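> Sharing a structure here in structure tokens format.
The values are calculated or read from the model by the stated rules, or taken from the named source; none is laboratory data. For clarity, every value in this text was computed on a predicted model and none was experimentally measured. Cβ coordinates were reconstructed from backbone atoms using ideal geometry, including for glycine residues, and neighbour counts include every protein chain displayed.
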Amino acid sequence: MTLQLPLEGLSVIDFGDAWSSPFACTMLADAGADVVRVEDIHRQLSTLRGPVAPKEKVDGYPEREPGERPWNRYYLFNNSERNKLGITLDVRHPQARAILNELIAKCDIFATNYTPRATRHLGLTFDDLKRINPRIVYGHVTGYGCEGALANSVALGSTIDAWTGHMGLRGYPETTPHDAAMSYIADAAGAATLVLAFMAALEERDRTGEAQCIELALTEVLLEFLSQPLMQTVTTGQPPVVYGSRSPEWAPQGVYPCLGDDRWISIAARDDVEWASLCLVLGLSATEYPSAESRQQHHDQIDQLIIERTGSWGAEALMLALQESAVPAMVVYRDSEIFEHPEFTGGDFLEEARHPDTGMRLYPGAVWRSRNRPMKIRTPHFGLGEHNHEVICGQLGWSEEAYAALIREGAIGTKYSFWPSWPPASDASGRAETGAHD
Amino acid sequence: MADSSAPARSGPLARHRILDLTQSIAGPYATKLLADYGADVIKVERPPYGDQAREWQPFCSGGGSRHSAFFSFLNANKSSVALDLRHPSGREALLRLARHCDAVVENFKPGVMERLGLSYRDLRGVRDDVVLTSISNFGQKGAFRDFEATELNIFALGGRMAASGTRPRPPVRLLGGSSLFMAGTVAAGATLIALRGRDRDGLGDHLDVSIANVILGEPDRGLCLYSYSGINMERLDGPRPYQAFPAADGFVVINVNRGIERIAEMIGRPELASDPRFSSNVARQEHADSLEPLIIEWTVARTKAEVVAESHKFRVIAAPVATIPEVLANPGLRARDYFQSIPGARCPCQETQPGSPFRIHTVPNLGWSLRRPAPAVGSDTCPVLADVGGFSPTEIEQLLRCGAAFEPDPTVGAEASA
């Protein structure tokens with residue numbers, strides 16, 4: 001029996017920017033959906049395809065070289081754009097819009113995270129699309145929802161982080177929001193939630209035969225993640241405690257220094273048994289703080305005792321010793337160590353993929369795994385407009401003449417129109433737009 | 001026990017029945033999402049204390065008993081069946097329920113389901129097309145499979161934590177628990193995707209949701225930076241520039257990557273717009289010491305609300321760094337009815353809960369509803385065994401007597417211990 005991926009045959013248009021709705025589409029693609037991501041050579045709202053006209057030797061490119069087509073070589077985009085086809089359409093151009101409408105007419109799902117104002121302006125609201133496809137499932141991601149004073153405010157990871165209260169609750173308890181790294185978790189959270197939303201709305205579509213309209217506010221998704229602190233204020237009327245790396249439920253829990261330059265280990269003891277085992281490994285006396293309550297109360301002193309001992313351990317050796325005694329512990333690993341660790345390179349998470357612009361590299365693959373329907377990186381990240389010809393002529397049957405006209409008129413292309421001639425040193429004028437990937 | 005006047009179960013997922021063997025956060029959040037959009041979720045708990053999150057703060061003391069408000073959020077809309085799965089009759093009862101469920105979700109340590117005789121193979125024995133969703137810290141195989149870990153330990157993997165914070169302080173995590181919510185959300189979506197596959201060809205599945213893989217795969221982590229450029233993100237020696245700007249009454253976030261000319265105008269320094277030191281992201285990072293103080297000078301003289309109002313006027317992307325009490329009072333969220341109460345709420349934690357994470361405008365009630373409060377341990381044992389499993393009153397009596405099943409003493413006010 002040939003095993004189909006669960007979403008094989010499901011057709012998805014990914015009309016989004018940056019991460020939230022596009023990453024939802026990546027997860028659908030991982031599960032077998034046919035996803036076409038639509039970009040535009042005249043605008044890039046977020047700079048996921050990298051800075052305009054980068055200097056030589058910049059982090060983020062393979063071997064730090066921007067190369068001939070830097071926009072196809074930037075890590076922020078390529079990290080999670082597997083298993084999709086990528087086309088470019090300037091939807092203000094009538095012919096490009098006609099192409100988009102043809103795709104809309106035969107798709108199951110349309111995903112966007114443009115502001116409500118932008119979707120109205122572009123004629124891409126739910127009502128607009130329902131007229132083209134009466135069975136469409138429309139997913140609209142916004143920062144703050146489709147109505148209200150903030151409906152059209154551009155929301156970024158940072159503003160959502162601040163507005164929801166997340167920013168004030170993370171990082172060190174004793175410092176201001178300055179000190180922690182930025183957190184853009186709302187995008188990933190919104191993406192995962194949108195996948196669920198699509199599946200729920202598809203159930204409804206299949207039952208009723210009617211088009212479905214999903215509205216998802218990233219702020220409201222992130223507030224679910226903040227339910228514990230929210231409920232704390234609901235029940236006590238007080239602002240929640242900022243725990244940093246500690247836990248409200250047990251003590252100690254923290255990040256402690258080990259031998260070597262900037263080496264750290266995270267350790268927790270969730271109950272008396274784990275505390276006793278932790279003390280045994282580190283050579284501490286467990287009797288001094290016998291109860292969870294006393295450990296929570298004297299967390300600072302306990303941290304000092306632990307720091308005095310961990311400093312003479314190698315991080316990896318200590319982790320193994322603690323795990324041997326069933327104490328929760330994990331080295332604070334850097335990315336490089338993830339790429340070297342058999343836990344992640346065994347093929348169930350990091351996978352190799354080859355693209356002409358980036359060569360063979362390791363990328364994160366599907367975030368969950370299936371026993372019966374293996375989910376793999378089937379196709380790598382795509383270059384800007386890489387599948388224009390395949391989709392427009394191959395799938396939709398447009399003629400070569402019409403395709404050439406689209407290029408001539410700037411409706412489609414494979415490089416950004418607002419970039420200076422690139423590469424800077426050579427004469428790029430002779431390079432035809434069609435040449436690179438078609 | 002569910003109030004008989006409670007609203008009937010409805011929603012886009014109403015045709016699915018889920019057997020929920022999870023506890024703590026990731027699993028219960030996954031099944032909460034399914035339940036809130038209409039699925040029939042049967043939470044199986046170990047008698048007599050049940051889910052360990054019942055002991056997790058914050059606590060609510062309304063309605064006559066002290067109970068976890070966090071648990072009350074995570075487990076609304078579910079019924080609870082208390083079964084001792086190590087008891088042969090308890091295991092048998094579970095398999096009999098599983099026969100009538102579309103999916104089973106569990107977050108035991110890897111290997112526990114097998115030891116209980118409830119492996120994917122065992123479940124398939126009673127329901128051939130079952131979808132089993134297993135959520136675990138590091139997945140069902142691999143070198144870390146059997147490691148003990150809290151969320152902090154999982155978060156320590158990969159450069160995110162190593163790069164969070166400032167030297168010489170230790171690396172610090174972001175908000176506790178978010179990895180678990182993230183994995184729970186992925187698990188809920190993955191379960192529905194597998195059910196869609198089952199609907200087509202009749203083949204069920206065993207899904208492996210590793211919390212570590214879920215967070216390492218987040219696009220904002222940009223994990224492939226290392227495979228491209230060979231570098232690790234590191235902590236800085238001081239605060240990161242442009243993270244948050246102090247206002248008179250707290251902090252605000254202003255995005256300096258987009259619209260520097262509008263920011264320049266807003267803070268009354270239009271000349272900055274044409275200053276080459278600030279003309280690009282890279283340049284602004286390089287010259288943060290010059291630009292940041294000029295913005296701060298303007299923000300500290302204003303309240304958060306004033307800064308945000310001015311930003312809207314000048315179309316600058318900005319937001320206040322809100323406190324949780326401010327979030328609960330936020331007029332925008334109130335206008336959208338984001339916070340919701342459980343029908344017949346009897347305590348503060350049932351009166352105010354975070355609402356729906358998405359709305360389906362084409363479905364009654366936007367597809368989402370709170371129908372009943374979180375159950376007491378085993379509050380639905382007998383009706384679920386009878387209605388779902390088809391157990392006779394005699395069989396149920398036997399299960400209760402031998403300790404394989406448990407129901408709370410109805411005379412001790414179990415209703416209040418939501």
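> Specify the residue that is surrounded by the fewest Cβ atoms within 10 Å (Cβ to Cβ); the eligible residues are those in segment B:237-251 that are in a strand (DSSP E or B) and more than 7 Å from chain A (Cβ to nearest Cβ).
Only one residue fits best here, namely B:Pro246.
> Next question, about the same structure. Out of curiosity, is B:Phe108 closer than 19 Å to B:Met182 by Cα and buried (at least 23 other Cβ atoms within 10 Å of the Cβ)?
Judged against the criteria, B:Phe108 is not a match.
> Filter segment A:33-79 down to residues that are free of Cβ contacts under 8 Å to residues at least 40 places away in the same chain and charged (D, E, K, R) and give me whichever is farthest from the other protein chains (Cβ to nearest Cβ).
A:Glu56
> Quick one: which residue in A:Leu322, A:Leu305 is crowded, with 23+ Cβ neighbours inside 10 Å and either within 20 Å of the chain's Cα centre (by Cα) or in a helix (DSSP H, G or I) (or both)?
Answer to the check: A:Leu322.
> Taking the conditions exactly as written (within 10 Å of chain B (Cβ to nearest Cβ) and under 30 Å from B:Gly230 (Cα atoms)), does A:Thr310 satisfy them or not?
Against the criterion (within 10 Å of chain B (Cβ to nearest Cβ) and under 30 Å from B:Gly230 (Cα atoms)), A:Thr310 does not qualify.
> Determine whether segment B:129-141 contains at least one residue that is buried (at least 20 other Cβ atoms within 10 Å of the Cβ), away from every other protein chain (no Cβ under 14 Å), touching a residue at least 12 places away in the same chain (Cβ under 8 Å) and closer than 30 Å to B:Pro393 by Cα.
No, segment B:129-141 has no match at all.
For every residue, the table says whether it meets (1) touching a residue at least 24 places away in the same chain (Cβ under 8 Å); (2) among the β-branched types (Val, Ile, Thr); (3) more than 18 Å from B:Gly165 (Cα to Cα).
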site: B:Val252; (1), (2), (3): yes, yes, yes
site: B:Gly259; (1), (2), (3): yes, no, yes
site: B:Arg262; (1), (2), (3): yes, no, yes
site: B:Glu271; (1), (2), (3): no, no, yes
site: B:Ser279; (1), (2), (3): no, no, yes
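> Modelled with pLDDT of 95 or more, in a helix (DSSP H, G or I) and surrounded by 24 or more Cβ atoms within 10 Å (Cβ to Cβ): which single residue out of A:Leu230, A:Leu216 fits that description?
A:Leu230
> A further question follows. Working only within segment B:142-186, note down all residues that are under 29 Å from B:Leu203 (Cα atoms), facing another protein chain (nearest Cβ under 7 Å) and in contact with a Pro (Cβ under 9 Å, 6 or more places away or on another chain).
Residues satisfying the conditions are B:Gly142, B:Thr185.
> Out of the residues in segment A:361-382 that are facing chain B (nearest Cβ under 9 Å) and among the polar types (S, T, N, Q), which is surrounded by the most Cβ atoms within 10 Å (Cβ to Cβ)?
A:Ser370
> Please work out which residue is surrounded by the fewest Cβ atoms within 10 Å (Cβ to Cβ), limiting yourself to segment A:183-193 and to residues that are facing chain B (nearest Cβ under 7 Å) and among the aliphatic types (A, V, I, L, M).
Per the stated criteria, the residue is A:Ala189.
> For segment A:1-53, name all the residues that are modelled with pLDDT under 95 and over 20 Å from the mean Cα position of the chain (by Cα).
Within segment A:1-53, A:Met1, A:Thr2, A:Leu3, A:Gln4, A:Arg43, A:Val52, A:Ala53 qualify.
> Among all residue pairs at least 6 apart or on different chains, which show Cβ distances below 8 Å where the first residue, located in segment B:302-317, is acidic (Asp, Glu) and the second is modelled with pLDDT under 95?
Pairs that qualify, where the first residue is acidic (Asp, Glu) and the partner is modelled with pLDDT under 95, are B:Glu310/B:Val316.
> Is it fair to say B:Ala212 is part of a helix (DSSP H, G or I) and farther than 30 Å from B:Glu310 by Cα?
Here the answer is yes, as B:Ala212 does meet what is asked.
> Among the residues of segment B:120-127, are any within 28 Å of B:Ala404 (Cα to Cα), touching a residue at least 40 places away in the same chain (Cβ under 8 Å) and away from chain A (no Cβ under 12 Å)?
Yes - at least one qualifying residue is present in segment B:120-127.
> Would you confirm, using the coordinates I've provided, whether B:Ala329 is over 31 Å from the mean Cα position of the chain (by Cα) and surrounded by fewer than 17 Cβ atoms within 10 Å (Cβ to Cβ)?
So B:Ala329 fails the test.
> Tell me, please, whether a residue that is among the polar types (S, T, N, Q), at the interface with chain A (Cβ under 7 Å from one of its Cβ atoms) and under 20 Å from the mean Cα position of the chain (by Cα) can be found in segment B:189-196.
So far as segment B:189-196 goes, no, none of its residues is among the polar types (S, T, N, Q), at the interface with chain A (Cβ under 7 Å from one of its Cβ atoms) and under 20 Å from the mean Cα position of the chain (by Cα).
Per-residue answers, yes or no, for (1) surrounded by fewer than 24 Cβ atoms within 10 Å (Cβ to Cβ); (2) in contact with a Cys (Cβ under 9 Å, 6 or more places away or on another chain); (3) assigned to a loop (DSSP other than H, G, I, E, B):
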position	(1), (2), (3)
B:Glu114	yes, no, no
B:Gly125	yes, no, no
B:Asp146	yes, no, yes
B:Leu157	no, no, yes
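Residue-wise test of (1) of a type in the set (S, T, N, Q); (2) more than 28 Å from A:Phe198 (Cβ to Cβ).
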position	(1), (2)
B:Pro331	no, yes
B:Ala335	no, no
B:Cys349	no, yes
B:Pro354	no, no
B:Phe358	no, no
B:Ser369	yes, no
B:Ala376	no, yes
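> Pairs under 7 Å by beta carbon, first residue more than 8 Å from A:Val327 (Cβ to Cβ) in segment A:258-278, partner among the charged types (D, E, K, R), six or more apart or different chains?
Final answer for the pair search is A:Trp275/A:Arg295.
> Let me spell it out: the conditions are (1) closer than 30 Å to B:Pro246 by Cα; (2) within 7 Å of another protein chain (Cβ to nearest Cβ); (3) β-branched (Val, Ile, Thr), and A:Thr175 meets all of them except one. Which number is the exception?
(2)
> With respect to the numbered conditions (1) touching a helix residue (DSSP H, G or I) at 6+ places or on another chain (Cβ under 7 Å); (2) under 30 Å from A:Asp34 (Cα atoms); (3) surrounded by fewer than 17 Cβ atoms within 10 Å (Cβ to Cβ); (4) of a type in the set (A, V, I, L, M, F, W, C), which one is the sole condition not fulfilled by A:Ala404?
Unmet condition: (1).
> When you scan segment B:252-299, how many residues do you find that are assigned to a loop (DSSP other than H, G, I, E, B) and hydroxyl-bearing (Ser, Thr, Tyr)?
The qualifying residues number 2.
> Shifting gears a bit: Can you report the number of residues in segment A:341-360 which are more than 7 Å from chain B (Cβ to nearest Cβ), of a type in the set (Gly, Ala, Ser) and either buried (at least 17 other Cβ atoms within 10 Å of the Cβ) or without any contact (Cβ under 8 Å) to a residue 24 or more places away in the chain (or both)?
Adding up the residues that qualify gives 2.
> Has segment A:107-117 got any residue that is surrounded by fewer than 24 Cβ atoms within 10 Å (Cβ to Cβ) and among the hydroxyl-bearing types (Ser, Thr, Tyr)?
yes
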